[in-house]
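> Can you keep this structure in mind? I'll have questions shortly.
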Number of protein chains: 2
Amino acid sequence: MNLTGQLLIGQNEVVAAGAAVWAVNPATGEKLEPAYHGGGHEEVEQACKLAESASVAFRSTSLEDRATFLETIAAEIEAIGEPLVERCMLETGLPKARIEGERGRTCGQLRLFASVVRAGEWLDVRLESAMPERQPLPRVDLRQQNIALGPVAVFGASNFPLAFSVAGGDTASAFAAGCPVVVKAHSAHPGTSELVGRAVQAAVAKCTLPEGVFSLLYGSGTLLGQALVADSRIKAVGFTGSRHGGVALMKIAQSRPQPIPVYAEMSSINPVFLLPQALDSRATSLAEGFIGSLSMGAGQFCTNPGLILAVRGDALDRFLATAKQTIVNVAPQTMLTEGIHQAYANGVEALAGNDNVTLQGYGEAGSQPNACQTGLFSTTANQFLADESLGDEVFGACSLVVECDDLEQMRLVATQLEGQLTATLQMDDEDLEVAQTFLPILEEKAGRVMVNGWPTGVEVCHAMVHGGPFPATSDARSSSVGSSAIQRFLRPVCYQNLPQALLPEALRDTNPENLSRLMDGKRVVTV
Amino acid sequence: MNLTGQLLIGQNEVVAAGAAVWAVNPATGEKLEPAYHGGGHEEVEQACKLAESASVAFRSTSLEDRATFLETIAAEIEAIGEPLVERCMLETGLPKARIEGERGRTCGQLRLFASVVRAGEWLDVRLESAMPERQPLPRVDLRQQNIALGPVAVFGASNFPLAFSVAGGDTASAFAAGCPVVVKAHSAHPGTSELVGRAVQAAVAKCTLPEGVFSLLYGSGTLLGQALVADSRIKAVGFTGSRHGGVALMKIAQSRPQPIPVYAEMSSINPVFLLPQALDSRATSLAEGFIGSLSMGAGQFCTNPGLILAVRGDALDRFLATAKQTIVNVAPQTMLTEGIHQAYANGVEALAGNDNVTLQGYGEAGSQPNACQTGLFSTTANQFLADESLGDEVFGACSLVVECDDLEQMRLVATQLEGQLTATLQMDDEDLEVAQTFLPILEEKAGRVMVNGWPTGVEVCHAMVHGGPFPATSDARSSSVGSSAIQRFLRPVCYQNLPQALLPEALRDTNPENLSRLMDGKRVVTV
C-alpha cells in the first residue's frame, strides 16, 4: 500500500494545506516520506459534520453488526501484513517483536470489544414493571438502557503506535459504544496511522456503515487538536499523553458552551513498596526484576516503576547493590522521538543536579541518536516530602528510590503521593499485617493495586483498571484499558411508558438479544 | 425537639460566628426562630478533617452494616413525628400532604438504597482467573470492584426540603456508596435541616460509626459553600439548584489542584411534543392534564412542563382554548421563598413584555405574600429559534407554547434545544411513525423520554434517570434519582495477584456476600 499523506475524512481522501510534517526515524534521524500536511478548521468541520450525520445510524446498529464491524477492522489491520510492521518500526524505533506483539494486542482488543458488544452487559438494561393499582399513586412502566454519547475525538499516543493510536483502545471502545470517531493522528507515526486509518476506512465501507463513522486527521495539537475538542458536535475525548497536553484539553472541554467529558491518561510514577520481609528475603531478585521492568522498552510506558519505597537498612543496601550491578549492563534503546528523548535527558539531568538526590547508577550510554540511558537515583523520605518536583514523572527508564526511616514514614509518603495508575506491594507472607495497613492508602491513590509483580504489562480484559485519580487520569471513575473502557462513552436514558413498537430492541418485553437485565432491582440472566 | 441553630460537626454542636439568618414563613413574611449563624473556613476545616478521618472505616463497613445505617436514618426521621412536618410547612409554605408525602419518599429512598447496598450490584465485581500456562505470557489473577470516592459535599435544594436536602437522594446515595457526607443546608429551611441533621447524627451514634461520617453546616454559598468544594478532602459534590449556582461550583471543582466531579442538577424546561393525532383526538384532556402538571406545587419542580410544541391548526386552537379556560381557575399557591417568587415574577414579566410572545392566560392572582400566579404564553417556532432567551427556564408555574408550521419545523426546534431532564411525546397509535422520527432526537436531548404522561412526578426506582445533557445537569452520565445515583460516588479499583487474606471480601473466591459477578466477562449469579 502506498502512503499518500492524505487525511481520511469519511470515505474521502483530502489533501490539507497546512504545514508539512514528516515522520523521522528516531534511530537515524532520517526523514521518512511522504509529507503529511496538517489540516485545520475546515477539515475539523468536515469530519465533525460527517460524524454527527452518522451518529444516530451508527448507534442504532444491531449488536451483531457493530461486533462484526470491530472484527472487520481487526482483519483489515492484519491484512496489511508486513508493510505495517516495517513502517511502524521505522517511525518508532521499536523492535519487530514489540510491534508484532502490539499488533496482536490491538486486534485482540478489537475482538474483545466485539464480544463485549454482543454480551450487552454495557447496556445496563433495567426494567421496572408498571403497578397500575399501587396506592397512593400508580407506578408507570420504566425502562433504562445506556446509549452512545455521540461523536468522540481520539488523540493517538506516541508510545503505543498501534494499541493506543488510530484503532487502539479509545477508538475500539468508542466504536463499541456506538460512537463515531474522529482521530487526530500522533505526529510521530503518521505513516502507521495512515495504514491503520485506511484499514478502518475499508471496514466502514465493507460493513456498509455511514462514512462519517470514522475520520483520520493530521495536524498540530494546538490548532487542529484544540479545534476538534471545541467543536460542538464532539461529545467526548479520549487522550493518552502528557499532563500538560491532557490538562489543556480538559480546560477547552470545560469552557465549551456545553462541557464534555475528557478521558485523559496522563502521568504516573507507579510507586512500588518493598515491604520488610520481602526485601530481606528477596533483595537480589527484586532488584533484578525491578531493573528489568524499569528498562523494558526504554521505560516508555505509563506504568513504568518510577518510584521505589523501602525502609533503609541492610536489606535495602543489598537491593541497591544488585540494582547498581544490574543497571550498568542495560543496553541503550532508541526512544520514540527526539522530543521524548530530550525531555528524558532533561529530567535525568535535573535529578543528577539536585543536591538532595544521590546517583545510584546509569546504564550503558548509546552512541546512536535518541538513545535512552537508564538512570537510577535515590533520596530520603524527608527530602522527597520537602521537594514536590521529585514526584514528577520522568517519562523513560528513570527511577527514584526513596529511603524511609520506618514504616510509619513510608505510609506518610504514600499518603502524600499524587494519583497513580498503579501501586505495588512487594510482600512475603510475613508482611501481611503491614500490607493491610498500606492497602487502604493505595486503593485511594491508584486504579490498580498489585502484589509481587511489576506494573509494566497491562492485561486487556474485563477486570483491568487502567486509570486512577488525577493526575494519573482526568477521571478516576474510568479505565482506558479493558472492557469497562466502553462505559466512558455511554449515558443512561430512561424510557417511560413507551409502546413496545417505539422501544429500543434491548428494552422490549421479548428481550430479543437475550440480555442480562436488572428486573425491579434483581439481576436476571437468560439461559 | 428544640431547635438550637447550631452546626452539627460530627457528634459536636458548634456555635458559628458568621452572620445570622432566620427562616422566613413565605406565606406570612414572619421570621422564624432560632437564628442560624453561618459557619466559615474553620467549620469547613473541622467537618472535612473529620470526614476524611472517617473515610476508610466507613467505606470498609460491611454491606449489612451500611444498609442498617440507612434504615436507621429513616427510622430516626420518622421518629421526629409531627414537629418535622410542622416546621417544614412553616419554612416552605408547602401543604401538609405534600410534606408528609415527601417524608415518605425520603425514608423510602433511604430504604431503597439499603436494599441496593445489600444486593451489591453497585460493586460491579469482575474476576479474571489466572492463566499461568498461557503463551507467550501468563495471565495474572485480576479482580475489580468499585470503591467509594471519599467525602462528598451535598448542597440541599430549596424545592425538596426533605427528599433533596439533608438526608435526601444525594446524601442517601453517597452514604450507600460508603462516602462520608458534609451537607451545606439550604438557607430557606434551616430548622427542617437541623431536625433531619440531628436524626442522621443520632443514627451515626446508634450504629457506632465514626462521627465524621456526617456533618451539617449552615452558611453562605459564596463563602462556606465554595470553601467546601475547594477543600482538598472533598472528592465529589452533589448539588440541586440554579444553573448559575451549579456552574459556579463546577468551575471551582475544575480549578482545584485535584479536580473533582460535580453532579449538579440545574435547569430544564422539559419539552412536551403534542403529536398530530393525539392533539386532534384529545385536545381537551391534554390541555387539562397539562395545566394540572404545570400548576402543581406552584410549578416548583425541575420537571415542570415549561415548553409545549405542536403544529398550528384547529386542534392546537382547541388545546389552547381549553388551557385558557382551565388556567383562570388555578388557585395561587405560596412559593418557597421571596427570592424564588421574585425570580418567577421577573421571568413572567420578561415573557409578557416580549413583542414576539403572546399571553394566553393567567391563573388567579393571590393577595398573600409570594403567591404564584400561573402563566401561559405562546410564540411561533421562528421566533423561538431566533430568541435564545425563550429557552431559558422560568422556575415556577409558567409555560410557553411553541406553534410550529409543520412536523419538520417541530423536529428542527427539538434539535436546537439545550439538554433536558425530560422530553415527552403525547401520541396516539396513529402517531407511531412520527414518534419514531422524534425518538432519536429526544434520546440525545434528555435523560428521560416519556409517552402520554406529564414530566412532573419522578419515580424513585432502579430504572429512573433524573439527569440529562448540560445544562440539565453537569454530567449526562449520571442520575440523581433512583438506585443508579450511587454510581456517581464510586470508582473502580483493580486488584492484581493479591493473596486472599488481603483481598476485599467481595472479591474473595468464597464470595461470602453472594454477589453477582462478571467472571471472565460472563455474568454469574449465585442462587
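> Test of understanding: among B:ALA167, B:ALA202, which residue is within 15 Å of B:PHE69 (Cβ to Cβ), in a helix (DSSP H, G or I) and touching a residue at least 40 places away in the same chain (Cβ under 8 Å)? Steps first, please.
Values: B:ALA167 fails: in a helix (DSSP H, G or I).
After applying the criteria, what remains is B:ALA202.
> B:VAL465: within 7 Å of chain A (Cβ to nearest Cβ), under 27 Å from B:CYS107 (Cβ atoms) and either crowded, with 19+ Cβ neighbours inside 10 Å or among the small types (Gly, Ala, Ser) (or both), yes or no?
Values: within 7 Å of chain A (Cβ to nearest Cβ): yes; under 27 Å from B:CYS107 (Cβ atoms): yes; either crowded, with 19+ Cβ neighbours inside 10 Å or among the small types (Gly, Ala, Ser) (or both): yes.
So B:VAL465 passes the test.
> Also, quick follow-up: Restricting to region A:395-404, give me the number of residues that are within 24 Å of A:ASP317 (Cβ to Cβ) and part of a loop (DSSP other than H, G, I, E, B).
1
> Now for a separate question. Of all the strands (runs of 3 or more DSSP E) wholly in region A:451-527, which have at least 1 residues that are basic (Lys, Arg) and touching a helix residue (DSSP H, G or I) at 6+ places or on another chain (Cβ under 7 Å)?
A:522-524
> Restricting attention to region A:430-445, report how many residues are without any contact (Cβ under 8 Å) to a residue 24 or more places away in the chain and within 8 Å of chain B (Cβ to nearest Cβ). Walk me through how you get there before you give the answer.
Taking region A:430-445 first, the residues without any contact (Cβ under 8 Å) to a residue 24 or more places away in the chain are A:432-433, A:436, A:439-440, A:443.
Adding the requirement that they be within 8 Å of chain B (Cβ to nearest Cβ) leaves A:432, A:436, A:439-440, A:443.
The qualifying residues number 5.
> At the interface with chain A (Cβ under 7 Å from one of its Cβ atoms), without any contact (Cβ under 8 Å) to a residue 24 or more places away in the chain and under 29 Å from B:ARG126 (Cα atoms): is that true of B:SER484 in this structure?
Numbers: at the interface with chain A (Cβ under 7 Å from one of its Cβ atoms): yes; without any contact (Cβ under 8 Å) to a residue 24 or more places away in the chain: yes; under 29 Å from B:ARG126 (Cα atoms): yes.
Criteria met by B:SER484.
> Would you mind finding the one in A:PRO499, A:PRO504 that is at pLDDT 95 or above and facing chain B (nearest Cβ under 8 Å)? Step through it out loud before you land on a result.
Working: A:PRO504 fails: facing chain B (nearest Cβ under 8 Å).
Among A:PRO499, A:PRO504, only A:PRO499 is at pLDDT 95 or above and facing chain B (nearest Cβ under 8 Å).
> Of these, A:LEU63, A:LEU70, A:LEU123, which one is within 14 Å of chain B (Cβ to nearest Cβ), closer than 27 Å to A:LYS206 by Cβ and at pLDDT 95 or above? Please lay out each step first, then the result.
Numbers: A:LEU63 fails: within 14 Å of chain B (Cβ to nearest Cβ); A:LEU70 fails: within 14 Å of chain B (Cβ to nearest Cβ).
From the options A:LEU63, A:LEU70, A:LEU123, the qualifying one is A:LEU123.
> Also, quick follow-up: Report, by residue number, each residue of region B:321-336 that is crowded, with 16+ Cβ neighbours inside 10 Å, more than 17 Å from B:SER378 (Cβ to Cβ) and out of contact with any Ser or Thr (no Cβ under 6 Å at 6 or more places or on another chain).
B:PRO332, B:GLN333, B:THR334, B:MET335
> Take the residues of region A:405-436 that are part of a helix (DSSP H, G or I) and out of contact with any helix residue (DSSP H, G or I) (no Cβ under 9 Å at 6 or more places or on another chain): which is nearest to A:GLN300 (Cα to Cα)?
A:ALA435
> Assess whether B:ARG233 counts as being part of a loop (DSSP other than H, G, I, E, B) and among the charged types (D, E, K, R).
Values: part of a loop (DSSP other than H, G, I, E, B): yes; among the charged types (D, E, K, R): yes.
Spelling it out, B:ARG233 is indeed part of a loop (DSSP other than H, G, I, E, B) and among the charged types (D, E, K, R).
> Suppose the filter is charged (D, E, K, R), buried (at least 23 other Cβ atoms within 10 Å of the Cβ) and free of Cβ contacts under 8 Å to residues at least 60 places away in the same chain; does B:ARG448 pass it? Reasoning before the result, please.
Working: charged (D, E, K, R): yes; buried (at least 23 other Cβ atoms within 10 Å of the Cβ): yes; free of Cβ contacts under 8 Å to residues at least 60 places away in the same chain: yes.
Judged against the criteria, B:ARG448 is a match.
> I want to confirm something. Restricting to region A:126-160 and keeping residues that are among the hydrophobic types (A, V, I, L, M, F, W, C), away from chain B (no Cβ under 13 Å) and assigned to a loop (DSSP other than H, G, I, E, B), which single residue is nearest to B:GLU100 (Cα to Cα)? Walk me through how you get there before you give the answer.
Our first condition is that a residue be among the hydrophobic types (A, V, I, L, M, F, W, C); within region A:126-160, this holds for A:127, A:130-131, A:137, A:140, A:142, A:147-149, A:152-155, A:157, A:160.
Still in the list and also away from chain B (no Cβ under 13 Å): A:152-155, A:157, A:160.
Filter once more, keeping what is assigned to a loop (DSSP other than H, G, I, E, B): A:157, A:160.
Working: A:ALA157: 56, A:PHE160: 59 Å.
By that ranking, first place goes to A:ALA157.
> Additional query: Out of the residues in region B:78-111 that are crowded, with 23+ Cβ neighbours inside 10 Å and more than 19 Å from B:TYR36 (Cβ to Cβ), state the one that is farthest from the chain's Cα centre (by Cα).
B:LEU94
> Does B:ALA174 qualify as being modelled with pLDDT of 95 or more, closer than 23 Å to B:GLN254 by Cα and either touching a strand residue (DSSP E or B) at 6+ places or on another chain (Cβ under 8 Å) or crowded, with 23+ Cβ neighbours inside 10 Å (or both)? Walk me through it before giving the result.
Values: modelled with pLDDT of 95 or more: yes; closer than 23 Å to B:GLN254 by Cα: yes; either touching a strand residue (DSSP E or B) at 6+ places or on another chain (Cβ under 8 Å) or crowded, with 23+ Cβ neighbours inside 10 Å (or both): yes.
Judged against the criteria, B:ALA174 is a match.
> Please find, among A:THR456, A:THR437, A:THR510, A:THR473, the residue that is among the hydroxyl-bearing types (Ser, Thr, Tyr) and in contact with an Asp or Glu (Cβ under 7 Å, 6 or more places away or on another chain).
Working: A:THR456 fails: in contact with an Asp or Glu (Cβ under 7 Å, 6 or more places away or on another chain); A:THR437 fails: in contact with an Asp or Glu (Cβ under 7 Å, 6 or more places away or on another chain); A:THR510 fails: in contact with an Asp or Glu (Cβ under 7 Å, 6 or more places away or on another chain).
Only one candidate passes the filter, namely A:THR473.
> Here is a further query. If B:VAL44 satisfies every condition in (1) out of contact with any Pro (no Cβ under 9 Å at 6 or more places or on another chain); (2) surrounded by fewer than 21 Cβ atoms within 10 Å (Cβ to Cβ) but one, which is the exception?
Going through (1) out of contact with any Pro (no Cβ under 9 Å at 6 or more places or on another chain); (2) surrounded by fewer than 21 Cβ atoms within 10 Å (Cβ to Cβ) one by one, B:VAL44 breaks only (2).
> Looking only at region B:1-14, which residues are part of a loop (DSSP other than H, G, I, E, B) and at pLDDT 95 or above? Walk me through it before giving the result.
Step one: of region B:1-14, the residues part of a loop (DSSP other than H, G, I, E, B) are B:1-6, B:10-11.
Answer for region B:1-14, where residues must be part of a loop (DSSP other than H, G, I, E, B) and at pLDDT 95 or above: B:LEU3, B:THR4, B:GLY5, B:GLN6, B:GLY10, B:GLN11.
The values are calculated or read from the model by the stated rules, or taken from the named source; none is laboratory data. Everything numeric here is computed off the predicted structure, so don't read it as measured data. With ideal geometry, Cβ positions are generated from the backbone for all residues, glycine too; neighbour counts draw on all protein chains shown.
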